[in-house]
Each structure stands twice: as C-alpha cells, then as structure tokens.
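The values are calculated or read from the model by the stated rules, or taken from the named source; none is laboratory data. Everything numeric here is computed off the predicted structure, so don't read it as measured data. Heads up, the Cβs are rebuilt from the backbone with ideal geometry, glycines too, and the neighbour counts pull from every protein chain shown.
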Amino acid sequence: MSTAVRGKGLPLPAVRSRTALLTAGLAAALLLCVLLAAGLGAYRIPLGDVLASGAHRLGLGGHALDRVPESVLWNVRLPRVVLALLVGGSLGCAGALMQGVFGNPLAEPAVIGVSSGGAVGAVGCIVLGLDALGSWTVTVSAFATGLLTVFAVYAMSRAGGRTEVVTLILTGVAVNAFCGALIGIFLFTADSAAISQVTFWQLGSLAQATWGKVLAVLPFAAAGLLAAPLHARRLDLLALGERPARHLGVDVERMRLVLITVVALLTAAAVAVSGIIGFVGLVVPHLLRMAAGPGHRFLLPASALGGALVLVAGDLAARTLAQPAELPLGVLTALIGSPFFFWLLRRTRTKQGGWA
C-alpha cells in the first residue's frame, strides 16, 4: 500500500496528524461556542455562573443560580443550544453521506426531497388547522411526510432492480417542484395568521426549542450518527466508481438504500423541529474535504461536529445581532451558503475545464 495520499502527495502520518488536529480544533471550538451560546442573549449569564450551575446539576460542586437566571439557562437557553447541536450535527453528517453516495460535492439532503416533503406536511397542518396530536402535530407530520417523500423518490427512480444516481437526482428535482406547487396551493388558501406561521417555519428557526423537542430528535440523530461511520470504508470504495466497488465486494444498491434511509432519518428529524435550514449539509462537508481529503472515516464525524458548530454559532448570531428581534436562522445560513455554492460551482467548472 502506498504511503502517500493520492492527489495530495502527503504521507499517511501527516494526513492522520492533520485530521486529528482538525477534529480536536472543531471539538474545542464547538465547546467554546456552546458555552458562549448558553450565556449570551437578551438576558446575559456570566460564563462562571454557567459553569457553576452545570457543575451543580452534575453533582460536581458549583452552586445553583438565582431563580431567574437558573430558569433562563435550563428552560430556555440550553434546550435551544442542545437542539442546535443535534440539528446541525444531523444536517452536516447527512450532507457528507449524500456527497459520498452520489459521488458529487454539490449534493445535499434536499436533493432527494426530504426537506420539501417535510414542508408539505408542516404547511398542510398549519393551513388546515390540524391538531390531532396537540402541539406535536406539525412536528410529527413534517417528519412523516419527509420520510415518505424520500422513499417515494427512491421507488420512482428504481428500474430493473437498480437505481441510477442521475435518475435519482432528476426524480428528486421533479418531486421538489411538485412539493413546491402543493405548498403554493396551501398558501393560496391560507389566512394571514397561517401564512405568518408558514413563512416563519419555512425560514427556519430554533426559537421554539424545548426539552421535549430535544428528546424527539435525539433517538433519530443518535441512530443516524452512529450508523454513518460504519459505512465509511465502503463509501471510500464507492468513490472509485460503482463497477470497481462491486468488484471489491460492495453491494452498491443495498448500501445506497441504507444510506439514503439514514439521510432521510437525520434530515427529516431536523426539519421537523427547526423548519428548513439550507446549505449546512453542502458547505460543511465540502470545506472539510478540501482541508483534509475525502476519507470518510474522518469526514463523517467531522461533518457532524462542523455542522453542530455552524448551527450553534448561527443560532447565537440569529438571536443577538438584531436584538430584541430575532433573525430567521435559515436566512443566515442561506446568506453564507449561497455565495459559497456559487464559488463551488465556478471552482468545479474551472477544475474540470468545463461542464461538457
């Protein structure tokens, strides 16, 4: 086996050292950002008090805070921070999986319709006034329709026992357009109050975070984040091409189905509690791939860390930049992600010498 990484000319020990440093750096930055997000906001809590309260809750000393800061920290601030960790980690990991499955750095979870499908379920519940599950109706509906949409896309793109990547992407584009039309119909029939709710949900936000929503997302996020690294080696083999991967023992079709299911679970759970937050699954994995190469044993967990970091930092900015108002989180991620996507398109075209 060669001791150099193909395409980078770096020895394996150097690459491993770089990935270890990047992982440690991401983890440290995430910890710092979590502490800042817990303390900063309309009601400021000093960092020392945040640490003291956390230590007290864990039985490691410290002390409880006064009633107001203790309530703000544990009932308002921390549920939002933890939800940002789960949603960001899920979206980042799902993006890395999508790019690995499709072999395309421009792929992201929205390609297979999970975000638009979840939006149809949520918008339908809001406009029709459905409340069979109380405050959980919109969340459960968004999750269920997101999953159903992904499996519909997969079923429609399958022919002869196989699923071609191009067919899957084009089917996803068509289904996304259809879901957009359904949302348009719902909005056409909605009253002003419902339109306001729908608009806020479509723009993405963690403003309604609760510990209940954290617990709702946790099992799906944990299952997906634990399952993803198990397929790292096979994704590396798939990067050689479908035919070589099959010759090396990879059941490409089965792996594709499993990983699309994992992507659907991660993204549907995230969308159900936060609305549509775009570009995290596109930007984070690609930046990490540029920094440390395409190896998925590093890329999958690092994308989860990077996605969590981006969303915690983005949510902190969303609720502090325009106080006392709050910016929609999805707007901030799109403002950053859209220029990056354009740059990525230009870079890819220049590198390949054109699209044809």
Out of 140, 111, which single residue is surrounded by fewer than 20 Cβ atoms within 10 Å (Cβ to Cβ) and either under 28 Å from residue 343 (Cα atoms) or among the β-branched types (Val, Ile, Thr) (or both)? 140
For region 15-129, list the helices (runs of 4 or more DSSP H) that sit wholly inside it and hold at least 1 residues that are closer than 25 Å to residue 178 by Cβ and polar (S, T, N, Q); which are they? 78-102, 114-128
The helices (runs of 4 or more DSSP H) lying entirely within region 136-235 that contain at least 1 residues which are modelled with pLDDT of 90 or more are 137-156, 165-189, 211-227
Kindly indicate whether residue 86 is among the aliphatic types (A, V, I, L, M), touching a Leu at 6+ places or on another chain (Cβ under 9 Å), over 28 Å from residue 200 (Cα atoms) and buried (at least 24 other Cβ atoms within 10 Å of the Cβ). no
Unmet requirement for residue 56, which otherwise passes all of (1) surrounded by fewer than 20 Cβ atoms within 10 Å (Cβ to Cβ); (2) under 26 Å from residue 320 (Cα atoms): (2)
Single residue of 36, 73, 47, 91 found to be over 30 Å from residue 259 (Cα atoms), touching a residue at least 40 places away in the same chain (Cβ under 8 Å) and not acidic (Asp, Glu): 36
Of everything in region 246-285, what is modelled with pLDDT under 85 and in a helix (DSSP H, G or I)? Give them in sequence order. 252, 253
Taking region 1-53 as the search range and keeping residues that are in contact with a Pro (Cβ under 9 Å, 6 or more places away or on another chain) and modelled with pLDDT under 85, which one is surrounded by the most Cβ atoms within 10 Å (Cβ to Cβ)? 5
